[in-house]
1. Quantify, in whole percent, the carbon and sulfur part of the accessible surface of the stretch 1-81 (1.4 Å probe; protein heavy atoms only).
2. Taking θ as phi - 60°, what are the ³J(HN,Hα) couplings along the stretch 297-305 by the Karplus curve (6.51, -1.76, 1.60), each to the nearest whole Hz, with x for Gly and Pro?
3. Quick one: if you stick a label point 7 Å off each Cα along the C-beta vector at Leu438 and Arg385, how many nm between them?
4. Local charge sum around Asp330 (other residues, Cβ-Cβ under 11 Å, Lys/Arg +1, Asp/Glu -1)?
5. Rounded to the nearest 10 Å², what accessible area does Phe50 show when all protein chains are kept and the probe is 1.4 Å?
6. Could I get the Rg over Rh figure for the stretch 290-439? Both from C-alpha atoms, Rh via Kirkwood, rounded to two places.
7. Whole number in Å², please: accessible area per residue of the stretch 332-439, 1.4 Å probe, ligands, DNA and RNA not counted.
8. Of the cross-linked pairs Lys35/Lys67; Lys127/Lys167; Lys355/Lys418; Lys35/Lys70, which ones have a Cα-Cα span greater than 23 Å in the structure shown?
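The values are calculated or read from the model by the stated rules, or taken from the named source; none is laboratory data. If you're wondering where the values come from, they're calculated on a predicted model, not measured in any experiment. Counting neighbours? That spans all protein chains shown, and the Cβs are built from the backbone with ideal geometry, glycine included. For the accessible areas, the whole protein counts, side chains as well, though only heavy atoms, and no ligand, DNA or RNA atoms are used. Shrake-Rupley method; radii C 1.70, N 1.55, O 1.52, S 1.80 Å.
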Amino acid sequence: MSRLNNRAFEILRVEVFKCSGNDIAGKVQRDIALKRLEKLRMQNGSPATFAELRQTVSDILPNFNEKVLKEAANANKPKGMFGLLMFATASVAAAAGFIWVANLPFPMIRKPVASVAPLILLPSYIKMDNDYRQAISLVEQADQLVNKASGPADINLGAEKVTKAQKHLNGLPVWFLGYEPKFYCSFFGCSWKFTYDEFEIARKQIGRMEATIFQEKNAQTLLSQAEEGLNAAKQQYQQAKPGADQQKAIAAWQVSIDQMGEIPESTLANLMARKKLQAAQRDFAEVVGDTDGRQRTNTLIEAAKTFAMAAAESSQNPPHSADEWGQIADLWEQAINQLKLVPLQDSGYTDAVSKIAQYQKNLGIVTTRQKAEQESVEALQQAKRQIPNLQRLANAETESGAIAGQIQEIITDLENVKTGTTAYSEAQDLLKFARAKLK
């Protein structure tokens, strides 16, 4: 072992040049110091210590840096176990680097190595064998999960399998197809029958599955958005007040149903959406039908109220003629007919029936008054028609009994005129006069 290794020598040599001048004396000092250090480097034995190195140069170069001497002394020490370990690590790293380069998927590198030292290529053989087996298995699994999926979970798992299969297919270089390393197969056995055509078929199959997965995920996204919109519209409808807010909720509900129906037919999401779409359409028909029915009922009830209001206004300030009472009765009948149009299944049917009962009662009152008006007018006219006959009896000086009987008939007819009729006032005047005549 050299007493002064190369690294320590270089450290000291640099400092010698720094400490020596450029004049003749400095050059002489530098040459002497370097010769002494070179002599130490040529000698075999124990490594020179710090004291020996300082003694070698300090008498010639008194200003030599102590730190440099210590650094050189440390660099001159034997490496020991740590140094050997570092050397071994570096050696292993270099060997690993060489093996890595030799296993690169480039035929120009592999073929010379395979002919001389095929064992070095064992890692890549193992990786290619694993990639081949995994690619075949994963392509089959992905095909089963993607093309025969029963739910979103199968699609998601199939996507993972497709990604892994693609990775392993990418690990098989094209020159590997149809290639069978004799050295590796003699020890481990090979089942590699992956031709270039099969490789292309597998890649196309993976490509189709990737497209299918992309379409399925988009369809699942559309389905999720439609379901979210549907649920939001239902909740909005339940919380909305009748009128414009409910119409907005119904419109949003219809949009979500339309979105659900637009999901591509060739996707699994479409199959899942069909059942949900039927239920959504059924619920929508029930709710919208109920809303339409309620609106129709409200319209009919409002129309009935309009007729009833007109009838009530016309009934004010009696008495009225029979024709006027007939017109009022027609208004009540119109109101009742509007209410009878409310279907039994509508939510406003009970309210309509209640109003029908009320309007029927009012119609009955009007009909009674119309009849009383007609009978009273007729009674008054009957009494008036008997007055000329009474006058003839009086002029003919007929017996008083006959005249009294005639007056009594007139009184009877006038007493049939009912209160609240147009004939009542006139009938009362005639009745007073007839009673006076009778006395």
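1. Values: 2790 of 5140 Å².
After summing per-atom areas, the C and S share lands at 54 percent.
2. Result, ordered by residue: 4, 4, 5, 5, 5, 5, 5, 4, 5 Hz.
3. In this crude label model, Leu438 to Arg385 measures out at 2.1 nm.
4. Net charge around Asp330: -3.
5. 60 Å²
6. Working: Rg = 23.5 Å, Rh = 18.2 Å.
Rounded to two decimals, Rg/Rh equals 1.29.
7. 62 Å²
8. Working: Lys35/Lys67 21 Å; Lys127/Lys167 12 Å; Lys355/Lys418 30 Å; Lys35/Lys70 20 Å.
Result: Lys355/Lys418 exceed 23 Å.
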